[in-house]
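A quick write-up on the structure given underneath.
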Amino acid sequence: MGFQAAQKHLFYTEIAKLLEAGFGIREAAAAMLDTKLPGVQSTLLEEMDRELEAGKSITESFGRDNQLITPLERSVIGAGERGGRMAAAFQHLADYYGMLAAARQEAIRGMAYPALLLHLGLFVGVLAPGLLHGSPWTDILKSFVLAVLAVYAAGFVIWLGARALLAAAPGNASLDRAINLIPVIGKARRSMAMARFTKVYHICLLAGLSMEETVKTSARSSRSGVIGEAGLKLESALADGKPLGPEFIACGAFPKAFARSYATAEESGGLDKDLARWAGVYQDDAAAAVRTLSAVASKLAYFLVVLFIAWTVIRVYSGMYSDMYEMLEE
């Protein structure tokens, strides 16, 4: 059973609220279980309670199923647990998944009309030639179903290919960089990566983790090959006893405004406040970029469907006039 972004937003919001009110994690889990949560959420909390009873940490106990709980969630929860900032950690996750849920709803709304138009266009594309040639309705309907299945199959193949590319990008800086060059898509991906990076970096700072662990955890959680590559340079700078600000600026993996701000915040000792601000900025940027991507995708789909319908109409009328011309010549 899946655990959707909208469900995670509400789930983590409730945990953060209870922890902020002074509940322990097991007390918070018990209070939430009393509200008759959906199956997957109840299972997560019940499993966590059993593992905590057995002496394991919260991070070890929470969601051992990698299909339900992502590495990003584990990183944030782990950082919050080690630093005693569990409420802040869960609130960061609630904000992040709230953003994803809103973006997904926006995308679904944006694609609903083009999807309807696509099916209508396919039907017109099959119906008009069928009627022109006097085909029976059973053949027309059969052709329509086959056309829809062909489109679905092509879409599924494209989706699999895109998913494979995106899955490979976090471990391949060159591929990640190439995908980020794609208009609109690249902007959304860069904003999402920076939102993840800054959120995890901020919670690690709040938790008092070492800078080495903070950099490593944040770079890995960004799910960006470019930032992951930059993370190795940052770790090397730390190993040499150098400040990170100049390396953030020099590596070219981060937006210039962010890199300069990090350098001045490092000098002034205000990294925690600065990262909190940037986490909010990039969350807003990511949400806006995803909305733009959704709008562009829906308009592109609408244009292609209209183009297909126009081509079908022209093809049908061309066939009619061709037949009429041949009849007149005879």
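The values are calculated or read from the model by the stated rules, or taken from the named source; none is laboratory data. Treat the numbers as computed from the prediction; the structure is a model and nothing was measured. We place every Cβ from the backbone using ideal geometry, glycine too, and count neighbours over all the protein chains shown.
Of all residues in region 179-210, those satisfying the criterion of being of a type outside the set (A, V, I, L, M, F, W, C) and within 13 Å of the chain's Cα centre (by Cα) are Gly186, Lys187, Arg189, Arg190, Ser191, Arg196.
Among residues of region 157-168 that are closer than 16 Å to Arg223 by Cα, those with a beta-carbon under 6 Å from a residue that is at pLDDT 90 or above at least six positions away or on a different chain give the pairs Ala168/Leu175. The set of residues in region 256-298 being among the basic types (Lys, Arg) and without any contact (Cβ under 8 Å) to a residue 60 or more places away in the chain consists of Lys256, Arg260, Lys273, Arg277.
Looking for whichever is among the charged types (D, E, K, R), within 23 Å of Glu81 (Cα to Cα), part of a helix (DSSP H, G or I) and modelled with pLDDT of 90 or more here; the options are Glu247, Glu212, Glu229. Which one fits?
After applying the criteria, what remains is Glu212.
Scanning region 48-68 for residues that are surrounded by fewer than 16 Cβ atoms within 10 Å (Cβ to Cβ) and either touching a Pro at 6+ places or on another chain (Cβ under 8 Å) or within 21 Å of His9 (Cβ to Cβ) (or both) gives Asp65, Asn66, Gln67.
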